[in-house]
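The values are calculated or read from the model by the stated rules, or taken from the named source; none is laboratory data. None of the values given here were measured: they were computed from a predicted structure. Methodologically, a virtual Cβ is constructed for each residue, glycine included, from the backbone with ideal geometry; neighbour enumeration extends over all protein chains shown.
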Protein chains: 2
Amino acid sequence: MGIITILGAGAMGSGLCTPVSKAGWVVRLWGTWLDDHLLDACEAGKPHPRTQIPLAKGVKLFRSNDLQNALEGADVVVMSVASVGVPKVTEMALEGISKAKALWLTSKGFCPDEKGKIQLLPEAIRTLAKQKGIQIPPIVAIAGPVKANECADGKPTATIFGCKDIEVSRKYAGEARTEVYCIEATDDEIGVEICAPMKNVYAIALGIADGLEKGTGFPHHNLKAATFSRAIKEMSLLGQALGARMETAFGLPGVGDLEVTGLSGRNKVYGVRIGRGENAKDALKEMDRLEQTVEGVPAAGLAAKLVEQSAPQLKEELTLLKAVNEILAGTTRPVVNVLSEAVLPKKP
Amino acid sequence: MGIITILGAGAMGSGLCTPVSKAGWVVRLWGTWLDDHLLDACEAGKPHPRTQIPLAKGVKLFRSNDLQNALEGADVVVMSVASVGVPKVTEMALEGISKAKALWLTSKGFCPDEKGKIQLLPEAIRTLAKQKGIQIPPIVAIAGPVKANECADGKPTATIFGCKDIEVSRKYAGEARTEVYCIEATDDEIGVEICAPMKNVYAIALGIADGLEKGTGFPHHNLKAATFSRAIKEMSLLGQALGARMETAFGLPGVGDLEVTGLSGRNKVYGVRIGRGENAKDALKEMDRLEQTVEGVPAAGLAAKLVEQSAPQLKEELTLLKAVNEILAGTTRPVVNVLSEAVLPKKP
């Protein structure tokens, strides 16, 4: 297969080592300046602190000051750092990326440029490269219902590779596939990139519906299901407005990833707190105190800006996105009402 | 609004009384010969035994031998009996139905005719009426993520009315709507009718994925999410082959209803047993002993027949339906393998 260099030794970066090693790639894992303790654990033969699973055998580790060696001769570079770190790491790795045949992207999020314009990550990376006058290879956006610990542990996992050039998607979907890590190929980079951060926003809403059982004394399964259905519709609408295919949200990146994100994880846990009756701002402080980053919170605000800038016709139509932002802002209305209004069908 | 007569005093029939009463209809609830104990409880002012919620005030109850009075002057008749009872109750009520302005249908399932041809319920009802030479009014298929107990209790609920004549869907979606029971209108009767029984089949598969956590010692969230995504795709494919719109499965009748059905209920519970390691046939005997009917089991077999008869081109393509039937037949292969093979993407 060749050499694959994964940038970012967190849960997803380290988890991805398992299938690509198995598929026959030579795997290098580079840790950022925040990842030293993660690499320490792996070098000591302990489970990775984020996934609790030992790193795949044979993976070569590189410290943050050793980026150029990590990139030397890489056929594929994988960007797996937290979305806020993407611009900086891209800049640092740009030369290595330019020599690779593809840049894969598991980082997820919205990225404001210097003027505050919200970009999807592949666009942000391409813009940065252009500014530096450097040509980069095709980007393959990776998403779908993948909990990193299960991926690391070789549990059955479905994912999707999205590259504007479908032949590139297909090539790598074939070459990274194992018996248990199975990959769909699509040309819908935008659809894949929209669903990934939006599912974090909507997982908060699903958590709220779950939390209402404790908050009100009664389960709200019908409301949760209506919320799920509405979330998928809004992902599809937003995607379409930005050039994605309608159906991408109805497959692994939307339906699949929202399902897995709604099963557990910090966004859901945070939503449950709100549904149980905590004020959104207080609950967030508590999550911060517990060092539990809730990715859906900044994503909700950035998504609202993205809509305003690039799909203003949807501003009123994305009622669930609006409701989540109202709740996050600490609405004084009962959250069950805010959520119901947003997701129940309007008068026909 | 007028008079609405609900045939079948089980969970859904009694639950529907709450919103339609609230919306201003005069509501009559007729119990079949199997429902006497349910009506007894309601008459005694106790909660309905199936929903644990008291019947809406003002609903007039009719015993099985009083069908003609129940139907006298009804503007709308609602068929809410178990799917196996639909042909018989249709026959008994045909004259009353013919005088109504619409027949609503909350019963869900596949219905084999005398020659073994699998029909959707609206088609079965229309065929029966035609055989008797009786004209019946438009049928409104009702589905979506509605747990009857929450509907009965006035909890926020989204549902969908599907009638081939969209104006009829819209009229009743407007007239049955309340603040908390909100209705989408569609002309896709077939799409709505396909999703309703199929979600019971696929909820077994979701239960299996849940049960694997106990069965194998590890959560299988990625596999569950891939299963969910695959189920939605198969509902859409099967619907389209039979004349439904692609997108119906992506909304309330598919995504929404599968979500709520996968949260709890007998199909899911049965699946969990299998995932934990029980043999499917033994587990079904145990469910029978506990008087827990698992609707997805007969539906899986009937769905396979329906595919063979009416969409044979999909026989190999509906891999999850096939896998559920293989598991229900008591496969000797590990269920995690059967499920993974069925839902993970094929080689690109």
From A:67, A:7, residue being hydrophobic (A, V, I, L, M, F, W, C) and within 21 Å of residue A:181 (Cα to Cα): A:7
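Looking for whichever is touching a residue at least 60 places away in the same chain (Cβ under 8 Å) and on the phi > 0 side of the Ramachandran plot here; the options are B:58, B:96, B:109. Which one fits? It would help to see each step written out before you state the result.
Working: B:58 fails: touching a residue at least 60 places away in the same chain (Cβ under 8 Å); B:96 fails: on the phi > 0 side of the Ramachandran plot.
Being touching a residue at least 60 places away in the same chain (Cβ under 8 Å) and on the phi > 0 side of the Ramachandran plot holds for just one of B:58, B:96, B:109, which is B:109.
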Looking only at the range A:324-348, and only at residues there that are surrounded by 15 or more Cβ atoms within 10 Å (Cβ to Cβ) and away from chain B (no Cβ under 14 Å), the one that is nearest to residue A:111 (Cα to Cα): A:325
Some residue of the range A:265-274 being outside the structural domain of residue A:81 (by TED's automatic domain parsing), at negative phi and modelled with pLDDT under 95: yes
Residue match in the range A:121-131 (condition: in contact (Cβ under 8 Å) with a residue 60 or more places away in the chain, within 30 Å of residue A:22 (Cβ to Cβ) and away from chain B (no Cβ under 14 Å)): yes
Residue check for residue B:313: in the same structural domain as residue B:232 (by TED's automatic domain parsing), of a type outside the set (Val, Ile, Thr) and under 22 Å from the mean Cα position of the chain (by Cα): no
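Only one residue in B:171, B:199, B:130, B:214 is assigned to a helix (DSSP H, G or I) and modelled with pLDDT under 95. Which one? Even if it seems obvious, please write down each step before you answer.
Working: B:171 fails: modelled with pLDDT under 95; B:199 fails: modelled with pLDDT under 95; B:130 fails: modelled with pLDDT under 95.
The unique qualifying residue is B:214.
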Some residue of the range B:323-344 being out of contact with any helix residue (DSSP H, G or I) (no Cβ under 8 Å at 6 or more places or on another chain) and either among the β-branched types (Val, Ile, Thr) or assigned by TED's automatic domain parsing to the domain that holds residue B:84 (or both): yes
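Out of curiosity, is residue A:169 over 25 Å from residue A:317 (Cα atoms) and either buried (at least 24 other Cβ atoms within 10 Å of the Cβ) or within 12 Å of another protein chain (Cβ to nearest Cβ) (or both)?
Details: over 25 Å from residue A:317 (Cα atoms): yes; either buried (at least 24 other Cβ atoms within 10 Å of the Cβ) or within 12 Å of another protein chain (Cβ to nearest Cβ) (or both): yes.
It is true that residue A:169 is over 25 Å from residue A:317 (Cα atoms) and either buried (at least 24 other Cβ atoms within 10 Å of the Cβ) or within 12 Å of another protein chain (Cβ to nearest Cβ) (or both).
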Single residue of the range A:205-221 satisfying the filter (farther than 25 Å from residue B:248 by Cα and of a type in the set (A, V, I, L, M)) that is surrounded by the most Cβ atoms within 10 Å (Cβ to Cβ): A:208
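Of all residues in the range A:249-283 being more than 20 Å from the chain's Cα centre (by Cα) and free of Cβ contacts under 8 Å to residues at least 40 places away in the same chain, which is farthest from residue B:263 (Cα to Cα)?
As a first pass, look at the range A:249-283 and keep what is more than 20 Å from the chain's Cα centre (by Cα): A:272-283.
Those still in the list that are free of Cβ contacts under 8 Å to residues at least 40 places away in the same chain too: A:278, A:282-283.
Numbers: A:278: 24, A:282: 29, A:283: 25 Å.
So, considering only residues that are more than 20 Å from the chain's Cα centre (by Cα) and free of Cβ contacts under 8 Å to residues at least 40 places away in the same chain, the one farthest from residue B:263 (Cα to Cα) is A:282.
Of everything in the range B:172-182, what is facing chain A (nearest Cβ under 8 Å) and touching a Gly at 6+ places or on another chain (Cβ under 9 Å)? Give them in sequence order. It would help to see each step written out before you state the result.
Narrowing the range B:172-182 to residues facing chain A (nearest Cβ under 8 Å): B:173-174, B:177, B:180, B:182.
B:180 - this is the single residue of the range B:172-182 that is facing chain A (nearest Cβ under 8 Å) and touching a Gly at 6+ places or on another chain (Cβ under 9 Å).
More than 9 Å from chain B (Cβ to nearest Cβ), in contact with a strand residue (DSSP E or B) (Cβ under 8 Å, 6 or more places away or on another chain) and either more than 30 Å from residue A:163 (Cβ to Cβ) or part of a helix (DSSP H, G or I) (or both), is that true of residue A:272?
no
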Failed item in (1) in a helix (DSSP H, G or I); (2) within 14 Å of chain A (Cβ to nearest Cβ), with residue B:219 passing the rest: (1)
Residue in the range A:1-22 that is surrounded by the fewest Cβ atoms within 10 Å (Cβ to Cβ), counting only those that are of a type in the set (A, V, I, L, M, F, W, C) and over 19 Å from residue A:73 (Cα atoms): A:11
Filtered residue count, the range A:103-127, keeping only those that are in a strand (DSSP E or B) and farther than 17 Å from residue A:242 by Cα: 3
Test set (1) without any contact (Cβ under 8 Å) to a residue 40 or more places away in the chain; (2) more than 7 Å from every other protein chain (Cβ to nearest Cβ); (3) not aliphatic (A, V, I, L, M) - residue A:189 fails condition number: (1)
Complete set of residues in the range B:310-331 that are in a loop (DSSP other than H, G, I, E, B), under 16 Å from residue B:346 (Cβ atoms) and in contact (Cβ under 8 Å) with a residue 12 or more places away in the chain: B:317, B:318
All positions within the range B:222-243 that are buried (at least 24 other Cβ atoms within 10 Å of the Cβ) and more than 11 Å from chain A (Cβ to nearest Cβ): B:234, B:238, B:239
Residue match in the range B:194-204 (condition: within 11 Å of chain A (Cβ to nearest Cβ) and hydroxyl-bearing (Ser, Thr, Tyr)): no
Single match in B:91, B:150 (criterion: closer than 23 Å to residue B:29 by Cα and surrounded by fewer than 17 Cβ atoms within 10 Å (Cβ to Cβ)): B:91
Residue in the range B:306-323 that is out of contact with any Lys or Arg (no Cβ under 9 Å at 6 or more places or on another chain) and within 14 Å of another protein chain (Cβ to nearest Cβ) present: yes
Residues of the range B:284-296 satisfying the condition of being outside any helix (DSSP H, G or I) and either more than 17 Å from the chain's Cα centre (by Cα) or on the phi > 0 side of the Ramachandran plot (or both): B:290, B:291
Some residue of the range A:190-207 being in contact with a helix residue (DSSP H, G or I) (Cβ under 7 Å, 6 or more places away or on another chain), among the charged types (D, E, K, R) and within 30 Å of residue A:124 (Cβ to Cβ): yes
